[in-house]
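Starting off with a structure, shown below.
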Amino acid sequence: MKIFLKGTPILAAVMLLCSCSTTPVTGRKQMNLTSETEVAKMSIASFEQMKADMPISTDPEYNDMLQRVGFRISQQVFSAMPLAEWEFVVFDQQDVNAFAMPGGKVGVFEGLFKIVKTEDELASVVAHEIAHVTARHTHERISQAMVLNGGGTLVNVATAVTGAGLLGVGSGSYINMSSVITGLYGMKAGQSAAKWDQNKEAEADHIGIIYMARAGYDPHAAITVMERMVELDSGRGGGTYNSTHPSSVDRLNALHGYLFDAMEEYEKSKDFYFQEF
Ligand SMILES: [Zn+2]
């Protein structure tokens, strides 16, 4: 099957052909041409590589906190990530950084604890990162790369659309997907900040604050963390963290707008998490 269309018509045709996904909480329709299983498999492989490349923190307090938070947040996204093999790792790195990958792999750098002081605050960051995954931002990026990468990829797109699977067409698409994941997450210390655009950050903030609230964490903590990010950004004069996570001030304002709904979820969660309060 060959498609000779170029540019936007291709995107439109693909949007028509594919079964598009809808993001949780925000309900945005999105293109998804990827194989869930293969994206998870590739992400897990990338995470294994990171664990081999970067020292892992032995700090018991950070590790215990992350395991508790991770367990509770992961329970809230079971239906969105049924294939996840959850793993929560604190890396011995001093950058302010955290990430989550399809397949249920979550990494937090020790440096994050410069701006995260409580378990609720850590929950806000982990929930935000997992929201990037359940909102399929990685899948979306891969889908876009497949469409925009030109002729050869179109065959892959067509095959993926017909359900033959992303890897069914040969190693070309495997390299594509792998390089997108590597580009997003990096493979070495200091390169692991996933680079999302501002809309995706906003979407992950919105979904994340709802997730943390459902998991029984006080959504006000998301605001406290963002306030520290604003301070950090201004202190650095718009340094590297700012460039990958733009406009902390805008995000802070937006978070205040989500607080009412999040507090409702938080109140409901107290029945479930009653014994822990
Ligand atoms: Zn983010």
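So if I check each of 98, 127, which one is under 30 Å from residue 255 (Cα atoms) and in contact (Cβ under 8 Å) with a residue 40 or more places away in the chain? Please lay out each step first, then the result.
Details: 98 fails: in contact (Cβ under 8 Å) with a residue 40 or more places away in the chain.
Step by step, each of 98, 127 is checked, and only 127 is under 30 Å from residue 255 (Cα atoms) and in contact (Cβ under 8 Å) with a residue 40 or more places away in the chain.
Please name all residue pairs, on different chains or six or more residues apart, with Cβ atoms under 8 Å, provided the first residue is in the stretch 39-58 and is more than 23 Å from residue 83 (Cβ to Cβ) and the second residue is open to solvent by less than 10 Å² (accessible area, probe 1.4 Å) and not small (Gly, Ala, Ser).
Close Cβ pairs satisfying both conditions: 54/91; 55/91; 56/90; 56/91; 57/90; 57/91.
Tell me which residues, restricted to the stretch 203-229, are open to solvent by 40 Å² or more (accessible area, probe 1.4 Å) and in a helix (DSSP H, G or I).
Here is the first cut: in the stretch 203-229, the ones open to solvent by 40 Å² or more (accessible area, probe 1.4 Å) are 206, 214, 218, 220, 224, 227-228.
Answer for the stretch 203-229, where residues must be open to solvent by 40 Å² or more (accessible area, probe 1.4 Å) and in a helix (DSSP H, G or I): 206, 214, 220, 224, 227, 228.
Quick check on my filter: what residues within the stretch 122-146 are among the polar types (S, T, N, Q) and more than 13 Å from the ligand (Cβ to nearest atom)?
Step one: of the stretch 122-146, the residues among the polar types (S, T, N, Q) are 124, 134, 138, 143-144.
Listed by number, the residues that qualify are 143, 144.
For the list (1) touching a Lys or Arg at 6+ places or on another chain (Cβ under 7 Å); (2) open to solvent by less than 20 Å² (accessible area, probe 1.4 Å); (3) at pLDDT 90 or above, I need the number of the one condition that residue 70 fails.
In the conditions (1) touching a Lys or Arg at 6+ places or on another chain (Cβ under 7 Å); (2) open to solvent by less than 20 Å² (accessible area, probe 1.4 Å); (3) at pLDDT 90 or above, residue 70 misses (1) alone.
Do you know which of the residues in the stretch 71-100 that are in contact with a helix residue (DSSP H, G or I) (Cβ under 6 Å, 6 or more places away or on another chain) and small (Gly, Ala, Ser) is nearest to residue 138 (Cα to Cα)?
My answer is 100.
If you go through the stretch 75-95, how many residues are outside any loop (DSSP other than H, G, I, E, B) and buried (at least 16 other Cβ atoms within 10 Å of the Cβ)?
Residues of the stretch 75-95 outside any loop (DSSP other than H, G, I, E, B): 75-76, 87-91.
Filter once more, so that each one left must be buried (at least 16 other Cβ atoms within 10 Å of the Cβ): 76, 87-91.
The number of residues fulfilling the criteria is 6.
The values are calculated or read from the model by the stated rules, or taken from the named source; none is laboratory data. The model shown is predicted, which means the values in this text are computed figures rather than measured ones. A quick note on method: Cβ atoms are made from the backbone with ideal geometry, for glycine too, and the neighbour counts reach across all protein chains shown. Side chains are part of the model used for accessible areas, which takes the heavy atoms of the whole protein and leaves out ligands, DNA and RNA. Shrake-Rupley method; radii C 1.70, N 1.55, O 1.52, S 1.80 Å.
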